[in-house]
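See below for the structure under consideration.
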Amino acid sequence: MPSFDPDVVLRAQAGDDGARERLLATLEPILRRFFLSRIGGQPDVDDLVQNTLLRVHTGLEALQNPARFKAFSMKAAVFELQDFYRGRYSGREYLYDPDRPPTDPSGPDTAGLRVDLERALEVLTPKARRILELREMGYQYKDIAEMVETTEAAVKMQVKRAFERLRGLLTLAGLLFLLSLGTAL
């Protein structure tokens, strides 16, 4: 097992990117072995390793004793593993109902039902649009909350309300389309 030089940890805490990269690169195989020994070769191992490295990266400045870097890192790994076991962990957050994945929007069965997405998004507040854009880019709720300076619960509520509003709008557009088909016949 590699040891972590407290001087390298101090340099990383002081902003030395090279020292930080060396620490995280040395830590990565240790974390990988840790997760593989606990959950096996599941595809979630890569996500757990990356999330733990992110926790270590963002929390490094809070580490008061540089000689305890490995213990600090393994504690972050245990927290990730606990989240995984409790079902709170999801390597992938879906923006659609996983039981009904979206259909191909360019398929022949949806050709007549296309709605101008930009116009549909105009009914949302600028903040709600921004949150949806960040979710589409793959940001987690907690990261979005920091970016828009609000709580994670408020971000989740904004997403829920935005989807409800868009769902209602799209339902209305679909009904109007069907009505127009009926009068055209």
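Ordered from longest to shortest, the equivalent ellipsoid semi-axes for region 1-72 are 23, 12, 10 Å, each the square root of 5 times a Cα gyration tensor eigenvalue.
Exposure proxy ranking for ILE131, ILE144, ILE30, ILE39, based on other Cβ atoms within 10 angstrom of each Cβ and starting from the fewest, stands as ILE39, ILE30, ILE144, ILE131. Counting neighbouring Cβ atoms within 10 Å and putting the fewest first, the residues LEU181, LEU24, LEU31 line up as LEU181, LEU24, LEU31.
Laboratory data are not the source of any read-out in this text; all were calculated from the coordinates shown. Predicted, not measured: the structure shown is a model, and the values here were computed from it. Cβ atoms come from the backbone with ideal geometry, glycine included; neighbour counts cover every protein chain shown.
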